[in-house]
Amino acid sequence: MIGEPLIVLLVEDNPAHAEMVIRSFQEHRVANKIYHVLDGEAALDFLYHRRQFSGPDVSPRPHIILLDLRLPKISGLQVLQEIKKDENLLSIPVIILTTSEAERDLAMAYENHTNSYLVKPIDFAKFSQLINDLGLYWLAWNRQPW
Amino acid sequence: MQKTNDDLSTHLKQEWNKRLASLPPDIRIWRQQLAYGISRAAFIFSVIALISGFYYAHSIEAVWLIPFYIILVALLGLVTFIPQASYTLRALGPLILIYIMVCLDMFEAGRTGSARVLLVALPVLSLLFFDLRAGILTLGFSLLTLAVFGWLYTTGQLSVVPGVDTSTNPTIWLSNSTLFTLIAVLLLVSADYLIKRLIIAMRKLALNVEANEKLLSLQQTVFDATVDGILAVDHTGSITTFNRRFLEMWAIPEEMVAGRSNAASLAFVAEQVENSEGFVARVRELYAHPQEEGDDIFTLKDGRIFERYSRLQRLGDEIVGRVWVFRDITAEKRAAETLRQSQRNFDLFFNTIDDLLFVLDDQGNIIHVNQTVCRKLGCTEAELIGQPVLVVHPPERQAEAARIVAAMLAGEAEFCPVPVITKDGRQIPVETRVIVGEWDGRPALFGVTRDISQLKLSEETLARERNLLRAVVDTLPDIIFAKDRNGRKILSNRNDQWVMGVSSEAEVVGKTDWEVYPAELAAKYTAEEQPVLAEGRTFESEGSFVDPLGQLHWVFGSKRPFRNHAGEIAGLVGIYHDITQLKQAAAEREALIADLEAKNAELERFTYTVSHDLKSPLITIKGFLGFLEQDVVRGHLDQVNHDIALIADAADKMQQLLDELLELSRIGRLVNPPQTVSLTELAHEAAGLVAGQLMTRGVQVDIAPDMPPVTGDRPRLREVFENLLSNAAKFMGDQPHPRVEIGVQHGETSPVIYVRDNGIGIEPQYQEKVFGLFEKLDAVSEGTGIGLAIVKRIVETHGGQIWVESEGQGRGSTFCFTLPQSS
């Protein structure tokens, strides 16, 4: 694990939020490489190496996926469904990171086998702490077979 | 004179023959044989006398006389002995012979005078006893004999011997004897005549006795055979006679009357009479007044009724007794009673019948009426009898009645509907039937007039109720009909008629569905109705039809059987209620519910979106404020501007979001009054409003000049174009010749307005998504993703539809929508 870059796929349509996540990760130095896509379609393209991600090494297999629910074109839930339907992809932990506290979203996400569901806190300190803990948990503490 | 004699003789002869004929055969034979005997004896005696005369004749010069005589005698003998010879001839034969003998003898003796007298007397006798013919014959013969003998005598051919004592001469004796004989014969003949008379007289007497006996036996027979009982009593009170009937009637034992005592039988008889004392008293009274005769009627204890006549028996002027005649008149009395009863029955029946009964003569005059006529018409029988029957009809209809009566009399009509009128002028509706018959042996009309007031009243009531029911059936808003077992319509109310497109019930009554509806519809209805008619089930159904105005109607109802008096299914009744409004209401309700649900969902999504999308800028602001603080602390001043810009952007985004949410909340309701606007004009206005945006991108806008006018909220409709134009400008991509075209094309039901661009286009899978609230296909594009949601909302609020057509990425998009046409 040490020395091997940890790859995070961040699916976030709001560029400001994406920047917040990325800066937080950088702050805590937990992620080596973050790939950011803006919508669901792009996320799936990334995972399946399609379109702009069709070149070699353009889209490595991420260790975790941070997925927003409200996304242009293909929603986060649909992306989650696609991932968990795919035998190759289902093992990738998918962490929902959203502003939605709606019970329906939460339920739907777990129904579709999300690995975690996180609500973006409005408070910056909490946001920062969340990202830090997230990084620690998923990228440090959590063991993965690869 | 001659004639009288002749008549007399004929009369006598006829009388004689009649009497002879009336004699019994034995008497006739006896008399005939007597006559024959005498004539034969006389003949034989004459022959002897003739022979002796000739024997003793002195001389007979005329010898030819001998054969003449022999021939004469033979002839006479023949006549005498021939049984077929008539009585006259047979009697005349010996008479003539004897006569000749006497004449011969007289001439011989010279007594010519006597001979002549005799010759004259003989025909007279002959005439007297026989008839004219015998008289003439005898006279002729006498004259001939006289002439012959006279001639013989005068010529001397016949001579008397002189000196001969004629008294001793056997010839004289013989001729004298012959004369005696003749006299004897005449006496005999006279005696015969008398005997005959006597016989007749005796016979007559015998006949009288016989007749009397016959009469008596007849009387006795009648006496015994008569149906009346007869008792004759003499003046002493003893029974003279009685007949068997008398005994039978009173059941009197024969020994009781054998004693001829009337008292015993009177007591016996009186016992049997109801009013014995009165009966006996009356008998006594009659006996006490022998001159009185009387007729009485009395009843016996056993119920028989006797009539008694008492008559006096007179002999000359003397009353010798009394005859009682009893007649059993029970049967008569009963027959009379029966007749009377029958008459009473008839009268009772005739008068009890509630119909008015008239008997008319062949002139149409009333002969007889029953009491009902008097009762109903309020007049007496006397007022009607003899009147023409027309008087019972109202004056204004008498002409009609007269025609009918005439036809009835002619046997051409038997029914008369003309009402009758009472004495006080009230009319009674009737039905009159007439039968031709006989009354008192003369042709008559029997009129049976039935008061149909009640019937009329019932009919009127029935008609009123039927009309009422009909009105109810017609007034009901439902479709009501009835059919018989064969599926033929028997009732159709107004609504049913209207549905079938007919204007009167008569057009459908009697027709089956097959004659009214198309075959498949008729088949459907027939199949539905089969179990109703066959099994009495109720069929409930909901259905639809198109009325003659082309309007679709929904109905709900049922078909139920109806039964006749015997409980058998006679047909069915169908009642269908128009539930179109209900249906519409239900549809509207469902639409409202759907709408509400949609709104609810939208609201939910709205809330969700708002919570999500409004939170996003907040997070951004808070986050970058945090970074800003760190930057400042760490001295990363180069980051400060970047962070502040992001914060400002987020704040702007938030404001924009709030504005647009407010906008969205407004368009749910139309705030401006609807007006007719030209779409072309609106499009131009919208293009003017977003001109800056369009110009920045260099977009060319073409607006069709012929777009139709629509009715709606003008500012909102303008907003549609505004948003679509702005949207088109926004997603032109790197198109070198950006262009937007607004126009109209003909859709399936209404014109379709389109806004076509040649921008980046939308992939088919996202075409529906673009209208969603806060849905953006491009995360980094301007806007909040609310514009198309607003457009959709406005179009739908106006009753239209909106969709997008695009062949995909880079192929341009065409937003199409429909709006209700301005009427």
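The values are calculated or read from the model by the stated rules, or taken from the named source; none is laboratory data. Remember, it's a predicted structure, so these values are computed and weren't measured experimentally. Note: ideal-geometry Cβ built from the backbone for every residue, glycine included; neighbour counts use all protein chains shown. Heads up: the accessible areas ignore ligands, DNA and RNA and are worked out on the full protein's heavy atoms, side chains in. Shrake-Rupley method; radii C 1.70, N 1.55, O 1.52, S 1.80 Å.
Within the option set A:TYR117, A:TYR110, being within 24 Å of A:ARG61 (Cβ to Cβ) and either at pLDDT below 90 or surrounded by fewer than 17 Cβ atoms within 10 Å (Cβ to Cβ) (or both) holds for one residue only, A:TYR110. Among the residues of region A:55-72, are any farther than 26 Å from A:GLN144 by Cα, in contact (Cβ under 8 Å) with a residue 24 or more places away in the chain and under 14 Å from the mean Cα position of the chain (by Cα)? Looking for residues that are farther than 26 Å from A:GLN144 by Cα, in contact (Cβ under 8 Å) with a residue 24 or more places away in the chain and under 14 Å from the mean Cα position of the chain (by Cα), one finds at least one in region A:55-72, hence yes.
The strands (runs of 3 or more DSSP E) found entirely in region A:40-146 include none that carry 2 or more residues being in contact with a Gly (Cβ under 6 Å, 6 or more places away or on another chain) and of a type in the set (Phe, Trp, Tyr). Inside region B:753-770, residues that are buried (at least 21 other Cβ atoms within 10 Å of the Cβ), not charged (D, E, K, R) and not in a loop (DSSP other than H, G, I, E, B) make up a count of 3. The residues in region A:80-111 that are in contact with a Leu (Cβ under 6 Å, 6 or more places away or on another chain), of a type outside the set (Asp, Glu) and within 14 Å of another protein chain (Cβ to nearest Cβ) can be counted, and the count is 5. On the basis of being away from chain B (no Cβ under 13 Å) and in contact with a helix residue (DSSP H, G or I) (Cβ under 8 Å, 6 or more places away or on another chain), does A:LEU71 make the cut? So A:LEU71 does not fit the description; no. For region B:704-718, a tally of residues being open to solvent by 30 Å² or more (accessible area, probe 1.4 Å) and in a helix (DSSP H, G or I) returns 3.
So which residues in region B:244-268 are under 60 Å from the mean Cα position of the chain (by Cα) and over 17 Å from B:THR330 (Cα atoms), if there are any at all? Answer for region B:244-268, where residues must be under 60 Å from the mean Cα position of the chain (by Cα) and over 17 Å from B:THR330 (Cα atoms): B:ARG244, B:LEU247.
Of the residues contained in region A:71-91, none is found to be crowded, with 17+ Cβ neighbours inside 10 Å and within 29 Å of B:HIS636 (Cβ to Cβ).
If you take the residues in region A:125-137 that are open to solvent by 30 Å² or more (accessible area, probe 1.4 Å) and under 16 Å from A:GLN26 (Cβ atoms), which one is farthest from the other protein chains (Cβ to nearest Cβ)? Once the filter is applied, the top-ranked residue is A:LEU136. Return the residues of region B:601-623 that are more than 7 Å from chain A (Cβ to nearest Cβ) and modelled with pLDDT of 85 or more; say none if nothing qualifies. B:PRO617, B:ILE621, listed by residue number.
A quick yes/no check of all residues on (1) under 20 Å from the mean Cα position of the chain (by Cα); (2) open to solvent by 80 Å² or more (accessible area, probe 1.4 Å):
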{"residue": "B:GLU412", "(1), (2)": "yes, yes"}
{"residue": "B:ASP440", "(1), (2)": "no, yes"}
{"residue": "B:ASP451", "(1), (2)": "yes, no"}
{"residue": "B:PHE481", "(1), (2)": "no, no"}
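Among the residues of region B:271-305, the ones that are in contact (Cβ under 8 Å) with a residue 12 or more places away in the chain and more than 20 Å from B:HIS235 (Cβ to Cβ) come to 17 in all.
Specify the residue that is surrounded by the fewest Cβ atoms within 10 Å (Cβ to Cβ); the eligible residues are those in region B:210-254 that are under 23 Å from B:PHE279 (Cβ atoms) and acidic (Asp, Glu). The residue in question is B:GLU254.
Only one of the listed residues (B:LEU694, B:LEU664, B:LEU682) is of a type outside the set (Ser, Thr, Tyr) and out of contact with any strand residue (DSSP E or B) (no Cβ under 9 Å at 6 or more places or on another chain). That residue is B:LEU664. B:VAL795 - would you say it is away from chain A (no Cβ under 14 Å), β-branched (Val, Ile, Thr) and open to solvent by less than 60 Å² (accessible area, probe 1.4 Å)? Against the criterion (away from chain A (no Cβ under 14 Å), β-branched (Val, Ile, Thr) and open to solvent by less than 60 Å² (accessible area, probe 1.4 Å)), B:VAL795 qualifies.
In region B:362-374, is there at least one residue being within 21 Å of the chain's Cα centre (by Cα) and part of a strand (DSSP E or B)? There is no residue in region B:362-374 that is within 21 Å of the chain's Cα centre (by Cα) and part of a strand (DSSP E or B).
Between B:ALA211, B:ALA191, B:ALA201, the distinction of being more than 30 Å from B:MET256 (Cβ to Cβ) and modelled with pLDDT under 70 belongs to B:ALA191 only. Of everything in region A:13-29 that's crowded, with 17+ Cβ neighbours inside 10 Å and of a type in the set (D, E, K, R), which residue is nearest to the other protein chains (Cβ to nearest Cβ)? Going through the qualifying residues, I end up with A:ASP13. Among the residues of region B:254-286, those identified as in contact with a Leu (Cβ under 8 Å, 6 or more places away or on another chain) and either farther than 20 Å from B:GLY321 by Cβ or modelled with pLDDT of 85 or more (or both) are B:GLU254, B:GLN272, B:VAL273, B:GLU274.
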